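Peer 1: Have a look at this one before I ask anything.
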Amino acid sequence: MGAFRTPFLRSSLIDRNDTLFLNRSYLGSQYAGRDAGIAINGEFSRINWTASMQNGSDSTGEGWLWGARVDMDVIGTSSNVEGGYNAAEGTNLNIGVALNDDTADNAGGNSQDLMQMGIDATLTMSGFSIFGEMVSTDKDNGDNTPYSVGAAYLFGENYEAALRYDDWDDAASTT
């Protein structure tokens, strides 16, 4: 219970000092803010899960942001870092899926419901890492699918070269 990040994408849950780039990905920055609420989480073998209820976009209005995330360490152990620096040794693959539903009560009694589904994956292996994430927004709220993909290579112990591509899937990014 308290103020915490919505359990949605892995990139938004990584602490700022453990990110690879100066800025989070477009999607990671959308969900990195903290909000008041309550959450429950746990793990079962290689599967981690979190469910939450937070204030959401209408702040202290009547609408709630419901969130849930499940991720699995398919191979190895995931690290709470972006890229290869300080990542767990060996080959590691983590895949996650998430869902959030934000009901915002606007002035005038109108209610807006925003449902989003997300998927992300991270692979680290011998200093090489690839990562990607994608979110699908429901048809009533734009029906867009922004995504981010990237790759990095760790040189030695302290130097890492990386590239990332963000596609916002909106009118501004296609013109």
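Peer 1: Applying the selection to segment 14-26, what residues are closer than 20 Å to residue 160 by Cβ and in contact (Cβ under 8 Å) with a residue 60 or more places away in the chain? Let's see the steps before the verdict.
Peer 2: Within segment 14-26, the first condition is being closer than 20 Å to residue 160 by Cβ, and the residues that meet it are 14-25.
Within segment 14-26, 14, 15, 18, 19, 20, 21, 25 meet the criteria.
Peer 1: Restricted to segment 3-26, and to residues that are more than 18 Å from residue 121 (Cβ to Cβ) and in a loop (DSSP other than H, G, I, E, B), which residue is nearest to the chain's Cα centre (by Cα)?
Peer 2: Step by step, filter segment 3-26, then rank; the result is 6.
Peer 1: Here are some residues: 102, 58. Which one is farther than 18 Å from residue 147 by Cα, assigned to a strand (DSSP E or B), modelled with pLDDT under 90 and over 14 Å from the mean Cα position of the chain (by Cα)?
Peer 2: Values: 58 fails: assigned to a strand (DSSP E or B).
None of the others qualify; the one that does is 102.
Peer 1: Can residue 22 be described as on the phi < 0 side of the Ramachandran plot, modelled with pLDDT under 90 and of a type in the set (A, V, I, L, M, F, W, C)? Outline the logic, then answer.
Peer 2: On the way: on the phi < 0 side of the Ramachandran plot: yes; modelled with pLDDT under 90: yes; of a type in the set (A, V, I, L, M, F, W, C): yes.
Against the criterion (on the phi < 0 side of the Ramachandran plot, modelled with pLDDT under 90 and of a type in the set (A, V, I, L, M, F, W, C)), residue 22 qualifies.
Peer 1: Ok, one more. Report the residue count in segment 105-121 for those that are surrounded by 14 or more Cβ atoms within 10 Å (Cβ to Cβ) and either among the aliphatic types (A, V, I, L, M) or modelled with pLDDT under 95 (or both). Outline the logic, then answer.
Peer 2: Initially, segment 105-121 is screened for residues surrounded by 14 or more Cβ atoms within 10 Å (Cβ to Cβ), giving 105, 112, 114-121.
Next cut, either among the aliphatic types (A, V, I, L, M) or modelled with pLDDT under 95 (or both) only: 105, 112, 114-117, 119, 121.
So the count comes out to 8.
Peer 1: Residues 83, 2, 90, 76: which one is open to solvent by less than 70 Å² (accessible area, probe 1.4 Å) and within 26 Å of residue 114 (Cα to Cα)? First the steps, then the outcome.
Peer 2: Values: 83 fails: within 26 Å of residue 114 (Cα to Cα); 90 fails: within 26 Å of residue 114 (Cα to Cα); 76 fails: within 26 Å of residue 114 (Cα to Cα).
The unique qualifying residue is 2.
The values are calculated or read from the model by the stated rules, or taken from the named source; none is laboratory data. What you are looking at is a predicted structure, and each value in this text was computed from that prediction instead of being measured. Glycine gets a Cβ as well: all are built from the backbone with ideal geometry, and neighbour counts include every protein chain shown. Just the protein is used for accessible areas: all its heavy atoms, side chains included, with ligands, DNA and RNA removed. Shrake-Rupley method; radii C 1.70, N 1.55, O 1.52, S 1.80 Å.
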